[in-house]
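Engineer: Supplied in structure tokens, the structure appears directly below.
Where a number appears in this text, it was derived from the coordinates with a stated rule and is not lab data. Treat the numbers as computed from the prediction; the structure is a model and nothing was measured. Cβ coordinates were reconstructed from backbone atoms using ideal geometry, including for glycine residues, and neighbour counts include every protein chain displayed.
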Amino acid sequence: MKTLPLPGVPDVVWHDSALRCLFVAIGDPGVVCTFDSDQLRHIETVTTEEGAHTLAVDPFSHEVYVFCPVSGGAAIYAAS
């Protein structure tokens, strides 16, 4: 078993099977970490907003939606 370091406690995890990416939302400090699910390596970490720990992934557009409770909006990221 392999473990990967995270900058906080994971809240939600989504897998995009077409892109072979794993998205991990972490509400504190407010980031989404992206990992290559085949190589089990870190791709990037995107800052969202403190408390933003709910996400969804569109399997067709591969967009990642992060719901931001402080600003009352949603952030949309294009996964690649």
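Engineer: Count, please, the residues in region 5-38 that happen to be of a type in the set (D, E) and touching a strand residue (DSSP E or B) at 6+ places or on another chain (Cβ under 8 Å).
Structural biologist: Total meeting the criteria: 3.
Engineer: Please go through region 42-77 and pick out each residue that is of a type in the set (A, V, I, L, M), part of a loop (DSSP other than H, G, I, E, B) and more than 18 Å from L6 (Cβ to Cβ).
Structural biologist: V70, the sole residue that qualifies.
Engineer: Further question: Quick check on my filter: what residues within region 1-20 are aliphatic (A, V, I, L, M), under 10 Å from the mean Cα position of the chain (by Cα) and either in a loop (DSSP other than H, G, I, E, B) or farther than 16 Å from L40 by Cβ (or both)?
Structural biologist: Result: V12, single match.
Engineer: Can you pull out the residues in region 11-28 that are out of contact with any Leu (no Cβ under 7 Å at 6 or more places or on another chain) and surrounded by fewer than 13 Cβ atoms within 10 Å (Cβ to Cβ)?
Structural biologist: Within region 11-28, S17, A18, R20 meet the criteria.
Engineer: Hey, can you tell me all the residues within region 42-66 that are under 11 Å from the mean Cα position of the chain (by Cα) and touching a residue at least 24 places away in the same chain (Cβ under 8 Å)?
Structural biologist: T45, V46, T48, A52, H53, T54, L55, A56, V57, V64, V66
Engineer: Further question on the same structure: Please find, within region 29-41, the residue that is nearest to the chain's Cα centre (by Cα) out of those that are loosely packed, with under 14 Cβ neighbours inside 10 Å and not in a loop (DSSP other than H, G, I, E, B).
Structural biologist: Among those residues, the one meeting the criterion is D36.
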